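Here is the structure we will look at.
The values are calculated or read from the model by the stated rules, or taken from the named source; none is laboratory data. Owing to the predicted nature of the structure, the values given are computational and were not obtained by experimental measurement. No Cβ is skipped: glycine too gets one built from the backbone with ideal geometry, and neighbour counts run over all protein chains shown.
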Amino acid sequence: MQLKPQDLLVALKLVAWGDQRWTYARLAQELGLSASEAHAAVKRGLQAGLLLQNRTPRVPVSVAGAASAGEPALQEPHGIYRVTRKRVRRSALSSEDGAALDNPVRVHAQAMAEFTLHGAKYAFPGVRLPLAVGVPTSHSAPAFAGVFAPGSSDFVWPHPNGSVRGIGVEPLHPSVPFAAMQDAKLYEMLALFDALRVGKARERNMAMERLLVLIDPSAPALQKAVLNG
């Protein structure tokens, strides 16, 4: 199994959505992918450990079977009582269990942060392209507004609907410009990831710090300091 660029795109989209309920149809539509591509990307993400399977509370098979058939529990005198499923109020579930009832998978924040910050730029290296009009990325994106002094060369994803002329950067996946324009948080993460791929040292350090906060906000402060090196 080898991860593909759209697998990281899908995982970042799930980070952007957080605890929102989602469907594969919506996931595919907002990323400009087919439903089969979205399903396959999630499957590979699970195999790689970037995503985790959600589990719903289970009832023991013997009890569940008896309940569904309306039969008494095994080894109990007939007619005394019937075993039924215990109804669990949704509000009584932990936040993790609540999410498990809604979505098939969730992001493994620690693994996702580790891969995005340290491995993905090698798996999906940045490729510079000729000057073009497109959607700003890396330090030229809105996520970097006010951080760096004007005057440096802009980086863009070439796109016919773009508004900025700059050095072209091959996007992580062809659908990235479209997907970024649908979701500001996803756009921020994709631009920050490009800063890791094509940015200078200062830009990479800033991107690493911000990406860690976005992907794994519970990461210990010490870990953040180490990542920023």
| Failed item in (1) farther than 19 Å from Ala111 by Cα; (2) of a type outside the set (Asp, Glu); (3) crowded, with 16+ Cβ neighbours inside 10 Å; (4) under 13 Å from the mean Cα position of the chain (by Cα), with Leu33 passing the rest | (4)
| remark: Among helices (runs of 4 or more DSSP H) completely within segment 44-148, the ones holding 1 or more residues that are modelled with pLDDT under 90 and more than 17 Å from Val15 (Cβ to Cβ) are 61-69, 95-102
| field | Neighbours by Cβ (under 6 Å, 6+ apart or cross-chain): first from segment 156-177, under 20 Å from Val10 (Cβ atoms) and touching a residue at least 24 places away in the same chain (Cβ under 8 Å); second among the aliphatic types (A, V, I, L, M) and assigned to a loop (DSSP other than H, G, I, E, B) | value | Glu170/Val127
| query | Do we find that Ala38 is at pLDDT 95 or above, crowded, with 18+ Cβ neighbours inside 10 Å and not in a loop (DSSP other than H, G, I, E, B) in this structure? | reply | yes
